[in-house]
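Enquirer: Here it is, the structure in full.
The values are calculated or read from the model by the stated rules, or taken from the named source; none is laboratory data. Everything numeric in this text was worked out from a predicted model, so none of it was measured. Counting neighbours? That spans all protein chains shown, and the Cβs are built from the backbone with ideal geometry, glycine included.
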Amino acid sequence: MSTSVEDWPRPTESHEVVYADDDLLVAFKPSHLLVHRTDMAAQDADNLRDRLIAEGALDYRAHPVNRIDRPTSGLVLFSRHLEAHRFLHAQFVEHRIEKRYLAVVRGWLEAPATVEKPLPTGHNSTPKPALTHFRPLAQAEWDVAITRYPTSRFALVECTPETGRYHQIRLHLRHLRHPIIGDTAHGDKPHNRYFAAHFTHRPLYLHAGELQLTHPDGTQRRFHAPLPPSWQEVMAEFGWSGQTPFLRG
């Protein structure tokens, strides 16, 4: 059964080409935009790949090498031809591409943590190995009683997945009892309702901010996407204590 377009929030920000050459293209995908057409959202014609093709940045031969969830913002890598796709895809399969995400979560993650918990894939219910490393970067505390506690605590967390299972980071953070703010599938409902009621934008606060890979020409490349504008209203309210990467424009 396909999902109605009306069931999804619409993207409120523009996509952007971060880097492009004859072999590959790296683009910023805003929250709530599909990477490409899917059977699950067959009625939704809007997606990053078709946008890039329509504006001439890609042609029909281009395909995404990585995919990020619809509500997640951040970097998506496209190959421009078959040889480049094989070269880049092999790096993902062999876990040689470094992916770095940033998440805003409920509660304080006090120390680095690694979750090794098998997860099903998007098309197969049989769990497969899944491994994610988490590192706390900053923390904040608001004098707001969202739940039964008199104050509310939040953490800014760096997430480094070694595998790429369906909703992996989101599920592994829930396993740690630090769900991502804005995660309507696996998150904390009272916190999500509070953010939806008090702030203009409603992204999933999970951002694919960095990719490091070997280019088909043999050189090492690192691509970076700063936090999107939809985060800035909330980020300015936190008063973080600690590191705050990706905040530069």
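Enquirer: Return the pairs, sorted by first residue and then second, in which the second residue is at pLDDT 95 or above and assigned to a strand (DSSP E or B), the first residue lies in the stretch 63-86 and is under 15 Å from P228 (Cβ atoms) and hydroxyl-bearing (S, T, Y), the beta carbons are less than 6 Å apart, and the residues are 6+ apart or on different chains.
Expert: T72/L206; S73/H207
Enquirer: For the stretch 127-155, give me the residue count where each residue is without any contact (Cβ under 8 Å) to a residue 40 or more places away in the chain, not acidic (D, E) and not in a strand (DSSP E or B).
Expert: Looking only at that region, the number is 7.
Enquirer: Is there any pair linking a residue in the stretch 221-249 that is of a type in the set (G, A, S) to one that is modelled with pLDDT under 85 and surrounded by 12 or more Cβ atoms within 10 Å (Cβ to Cβ), with Cβ under 8 Å and at least six apart or on different chains, and which?
Expert: The qualifying pairs are A225/F246; S230/T12.
Enquirer: Let me ask something else. Hey, could you check the stretch 12-63 for residues that are β-branched (V, I, T) and part of a strand (DSSP E or B) and say which is nearest to L213 (Cα to Cα)?
Expert: V26
Enquirer: Of all residues in the stretch 64-122 being among the small types (G, A, S), in a loop (DSSP other than H, G, I, E, B) and modelled with pLDDT of 95 or more, which is surrounded by the most Cβ atoms within 10 Å (Cβ to Cβ)?
Expert: Only one residue fits best here, namely G107.
Enquirer: While we're looking at this one, here's another question. Hey, could you check the stretch 193-238 for residues that are among the hydroxyl-bearing types (S, T, Y) and in contact with a strand residue (DSSP E or B) (Cβ under 7 Å, 6 or more places away or on another chain) and say which is surrounded by the most Cβ atoms within 10 Å (Cβ to Cβ)?
Expert: Y205
Enquirer: May I pose another question? If the requirement is being surrounded by fewer than 21 Cβ atoms within 10 Å (Cβ to Cβ), modelled with pLDDT of 95 or more and among the β-branched types (V, I, T), which of these qualifies: T151, T163, T147, T184?
Expert: T151
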